[in-house]
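Asks: Pasting a structure below so you can have a look.
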């Protein structure tokens, strides 16, 4: 078997890692000018100013960009890049959830290259030479945007797009659990379950390999142990750190092998009505897990053991218990009440979901898909 | 606990990975000119020409450098870099054991920077901007030179020196087990035991952390399972691949946490008379393992479990069996017959070995060190 593992970014982990933001950024910015892409809620909470001061205190000129809302849009990335270019930034720092991090990553291409990221959508053009380095600081434990080469954004018509290049990976990731403590319990659970599914799918789809499994299994072990602890004690920094690490390693794994059926169901649902990504992914995983566990490849068995299960047959019960202990209720929003199983299935069968739908050794037939869709939709409040 | 993990290079693993040498190198060389640093025995075996042809076939101009003998010397690195600079190389490919790879890594600094690597010895000067990318292909499974930021070389006076920078890590590593098959049994065992000790020491010294332990434990599991298989069937490519992966991950781990007492004993011995590095390291590990196992920190216990032992107490017996099954005889060369335990102990106590000597939670006292030295020297044929 021949397989590739991607570059894995350097990290600084643990409580207080954020205290190193200034000096670490300064070491990556010879020109002393940094574009700071941050979640607007950090600003709203008064938590952005101290970070700007930390960067300024290390001798850096800071251009802050917080013009984000929901998933990143091409116009927002272009605006962030324009601000960075005008300031002569030679480093991009991204702080926030997956959207802020993806915007920061894509700006590292748009500052030296094409001003509009649409140039790089779906690999339309190769990345420019001289991508800027980035330093990323996740404030949620979920997407793994900090460890993978993909940026997700939407175009002018609202269509979900991607840009991909190994050079989009950050030079350094700060993983500070204290930054994730204020995340509400439901969102913490959705993000962690999303990361769990990243790891599980990367470890079990047809493209998996030993290089990805190392990180995926590590992520599964971390998340399964830490999620219930965080639900019980949201301030437990050790458990929060384990979730952050789990999300990072799950990102490493999907960077190598991609996702599968649960993500096809999640993306299909998102195409029909707004729904939090982690929630939709967890629902997609729950409704398809019985089907998957009934087809236990050696990889599914190994992933089950990484979760602490005796084998694949125990997975559905294990997942139910994990979700229950996460403290979150998994249900589609009311907007899905009128959606038919046929409509969701059609969305899942669309060209954008096809690679995920066919990622397992066996592809579910239409009747099976309709059953998954109906089970997901039955959760709509 | 706060800790750092370094960037981990991308890899292409498995039998036939070397077939990708041309296209992968071409993708890293916009200028189309590559410096190829290769072990002279590859040339002697007629195995260099096909590699040069593969690079040329991908449209690259190739400047081959094979002027290596034993551990790399600063004059050799300078000669390799001069050849690369004269050819306008914008990529360095290194193929061979640790010496060829370290020479290649250091040339990535000396081509754009100071012509003599002594400028970078012991971090005398910072690395120049614009380090060239490298692509490394190990033909032994041992040093982990392909996954770490350190280059070992000797200066004009023969003193062992190092250069270190994260930018010295390769852009891509090809891990092809077929390239290691022709390595003789003793050398295969010495290299694998060296990698085992890298992993064990990185997982158990006082600087260890969870980020390093992930890779160190993975390496221990791989090497313990594969080394006896390779000794029994040298052509077993799956076992050879596991050793290569084990050495790679062990290199990742020491890159983060460094080594310990066995390496102090090994370096001390090497300062007194010529001895193969892996052999000396394995001997140093064997004579000090009982002392270490009698002080079982949680990290030593975890490393023992990664080897498949029930606990630290089982380690000395496990090691003895592993060495026996490796097919190699661990004995210092005859040149050590006249060396006293006092002389070896003094060498181990020297400033160059001190960081390794004091790397454990407890530092062995002089009497203990004399005992280790005597036990090592007792093996001299």
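Throughout, read-outs are computed from the coordinates displayed, never taken from laboratory work. In this text the structure is predicted, and so the values were computed from the model without any measurement. Reconstructed Cβ throughout: ideal geometry from the backbone, glycine too, with neighbour counts over all protein chains shown.
Asks: Could you give the angle, 0 to 90 degrees to the nearest 10, between helix B:237-257's Cα long axis and the longest principal axis of the Cα atoms of chain B?
Replies: So the inclination is approximately 80 degrees.
Asks: Shortest first and in nm with one decimal, please list how far the residue A:15 label point sits from its counterparts in the other copies (point 7 Å along Cα→Cβ).
Replies: For residue A:15, the inter-copy label distances come out at 5.2 nm.
Asks: Here's a follow-up. Taking every alpha carbon pair in region A:169-304, what does the distance histogram look like in 10 angstrom bins from 0, in percent?
Replies: 13, 42, 35, 10, 0
Asks: If you don't mind, another one. Based on the mean of other beta carbon atoms within 10 Å per residue, what is the order of B:224-234, A:307-317, most packed first? Numbers along the way, then the final one.
Replies: Numbers: B:224-234: 18.8, A:307-317: 16.0.
Order by mean packing, descending: B:224-234, A:307-317.
Asks: Please list the equivalent ellipsoid semi-axes of region A:1-150, computed as the square roots of five times the alpha-carbon gyration tensor eigenvalues, in descending order and whole angstrom.
Replies: Working: eigenvalues 100, 69, 51 Å².
Working from the Cα gyration tensor, I get semi-axes of 22, 19, 16 Å.
Asks: Modelled label-to-label distance, residue B:363 and residue B:19, 7 Å Cα→beta-carbon offset: nm?
Replies: 5.4 nm
Asks: Still on this structure, please answer the following. List residues of region A:350-380, by number, whose backbone nitrogen lies under 14 Å from a label position 7 Å along Cα→C-beta of residue A:340.
Replies: The answer is A:370, A:374.
Asks: Can you give the relative contact order of chain B as a percent, counting alpha carbon pairs under 8 Å and 6+ residues apart?
Replies: Values: 806 pairs, mean separation 56.7, N = 381.
Relative CO of chain B lands at 15 percent.
Asks: Counting only other chains, and only Cβ atoms inside 10 Å, what mean value do you get across the residues of B:8-17?
Replies: Details: counts 7, 4, 9, 6, 5, 8, 7, 2, 2, 3.
Per residue, the average neighbour count from other chains is 5.
Asks: If you don't mind, another one. Within region A:136-171, list the residues whose amide N lies under 15 Å from a label point set 7 Å along Cα→Cβ of residue A:352.
Replies: Residues A:151-163 fall inside that zone.
Asks: May I ask for the angle, rounded to the nearest 10°, between helix B:210-232 and the longest principal axis of chain B, with both axes built from Cα atoms and the value confined to 0 to 90°?
Replies: 90 degrees
Asks: Hey, for residue B:362 with labels 7 Å out along Cα-Cβ, what do the inter-copy distances come to in nm, ordered shortest first?
Replies: 5.7
Asks: Among DSSP beta bridges lying fully in region B:10-179, give the percent that are antiparallel, nearest 5.
Replies: Details: 5 of 27 bridges.
If we restrict to bridges inside region B:10-179, about 20 percent are antiparallel.
Asks: Related question: Label residue A:87 and residue B:313 with points 7 Å out from Cα along Cα→Cβ: what is the distance between them in nm?
Replies: My value for the distance between the label points is 6.1 nm.
Asks: Still on this structure, please answer the following. Of A:269, A:216, A:328, which is the most mobile in a GNM of chain A whose springs link Cα atoms less than 10 angstrom apart?
Replies: A:328
Asks: Using only the alpha-carbon atoms of chain A as identical scatterers, what base-10 log of I(q)/I(0) does the Debye formula give at q = 0.08, 0.12, 0.13 Å⁻¹?
Replies: Values, matching the q order: -0.38, -0.87, -1.02.
Asks: Another question about this same structure. How high is the relative contact order of region A:10-179, in percent, counting Cα pairs under 8 Å that sit 6 or more residues apart? Walk me through the numbers on the way to the answer.
Replies: Working: 377 pairs, mean separation 46.1, N = 170.
Contact order relative to length: 27 percent.
Asks: Using a 10 angstrom cutoff on alpha carbons, build the Gaussian network for chain B and name the most mobile of B:35, B:272, B:292.
Replies: B:272
Asks: For chain A, what does the helix formula give at 222 nm: sum of -39500 (n - 2.57) over DSSP H segments with n ≥ 4, over the residue count, nearest 500 deg cm²/dmol? Could the numbers behind the result be given before it?
Replies: Values: 15 runs with 185 residues, N = 381.
That comes out to -15000 deg cm²/dmol.
Asks: Residues of region A:208-243 with amide nitrogen under 18 Å from the 7 Å Cα-to-Cβ point of residue A:321?
Replies: In region A:208-243, the label zone of residue A:321 (backbone N under 18 Å from the point 7 Å along Cα→Cβ) covers A:220-232.
Asks: Run through the DSSP bridge list for the protein assembly as shown and note the antiparallel percent, rounded to the nearest 5. Present the calculation step by step, with values, prior to reporting the outcome.
Replies: Details: 17 of 61 bridges.
Taking every DSSP beta bridge with both residues in the protein assembly as shown, the antiparallel ones total about 30 percent.
Asks: Using a label position 7 Å from Cα in the Cα→Cβ direction, what is the ascending list of nm distances from residue A:343 to the same site in the other copies?
Replies: 8.7
Asks: Here's another thing I want to ask about it. Of the residues B:337, B:61, B:325, which exhibits the maximal mean-square fluctuation in a Gaussian network model of chain B defined by a 10 Å Cα contact cut-off?
Replies: B:337
Asks: Sticking with this structure for a sec: Residue B:379 versus residue B:45, label points 7 Å from Cα toward the beta carbon: distance in nm?
Replies: The modelled label-to-label distance comes out at 2.5 nm.
Asks: Would you mind checking the tilt of helix A:277-293 against the longest principal axis of the Cα atoms of chain A, expressed as 0 to 90 degrees and rounded to 10?
Replies: Its long axis makes an angle of about 30 degrees.
Asks: Rounded to the nearest 5, what % of DSSP beta bridges with both residues in chain B are antiparallel? Please list the in-between numbers first.
Replies: Numbers: 5 of 27 bridges.
Taking every DSSP beta bridge with both residues in chain B, the antiparallel ones total about 20 percent.
Asks: I'd like to compare A:99-107, A:64-72, B:107-115: which one has the highest average count of other Cβ atoms within 10 Å, and what's the full order after that?
Replies: Values: A:99-107: 29.9, A:64-72: 18.4, B:107-115: 23.3.
Descending mean neighbour count gives A:99-107, B:107-115, A:64-72.
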